[in-house]
1. Tell me, what are the semi-axes, in whole angstrom and largest first, of the equivalent ellipsoid of the chain as set by the roots of 5 times the Cα gyration tensor eigenvalues?
2. Ranked by Cβ crowding within 10 angstrom, fewest neighbours first, how are 49, 87, 44, 74 ordered?
3. So for the range 2-101: antiparallel DSSP bridges make up what percent, rounded to the nearest 5?
4. Give the relative contact order (percent, whole number) for the chain; include only Cα pairs under 8 Å separated by 6+ residues.
5. Looking only at 64, 88, 30, which one moves most when the chain is put into a Gaussian network model with springs between Cα atoms under 10 Å?
6. Rounded to the nearest Å, what's the spacing between the alpha carbon centres of the range 60-93 and the range 17-37? Just the number, please.
7. By how many nm would the segment from residue 54 to residue 96 grow when fully extended, if each residue of separation counts as 0.36 nm and the alpha-carbon distance is taken off?
8. Within the range 79-107, name every residue whose backbone N is under 20 Å away from a label modeled 7 Å from Cα of residue 15 along the Cβ vector.
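Read-outs throughout are calculated quantities, based only on the coordinates presented, and are distinct from any laboratory measurement. No experiment lies behind these values; they were computed from the predicted model shown. All Cβ positions, glycine included, derive from the backbone under ideal geometry; neighbour counts span all protein chains shown.
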Ligand code: FES
């Protein structure tokens, strides 16, 4: 289980526990975190699960695949150096304490 904090575009935060082995997106959806649409259900095909990873965590995540990198060009809010697709981030114990910020919109 890893505690993950989601900060919305207005600055409000919410911390949830996500089981190891789930994706960050699955944890958000199962806990009704507003702002993660995940329209493709985790297939790396929609870019509506976009998050900005807190800089301190960016290097601690698994690297992007070429498919994730390509799809990040299609996000509703322009990507930054800290953009990731939450469906492509598997939760592990090493991510306990992860903080991500949600974009203003996903579509
Ligand atoms: S849920 Fe569609 S790309 Fe992540």
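1. Values: eigenvalues 64, 45, 37 Å².
After diagonalising the Cα gyration tensor, the semi-axes are 18, 15, 14 Å.
2. Numbers: 49 30, 87 27, 44 15, 74 12.
Ascending Cβ contact count within 10 Å gives the list 74, 44, 87, 49.
3. On the way: 12 of 16 bridges.
Counting DSSP beta bridges with both partners in the range 2-101, the antiparallel share is about 75 percent.
4. Relative CO of the chain lands at 43 percent.
5. Fluctuation is largest for 30.
6. 15 Å
7. Working: separation 42, 0.36 × 42 = 15.12 nm, distance 1.31 nm.
Length gained between residue 54 and residue 96: 13.8 nm.
8. 91-102
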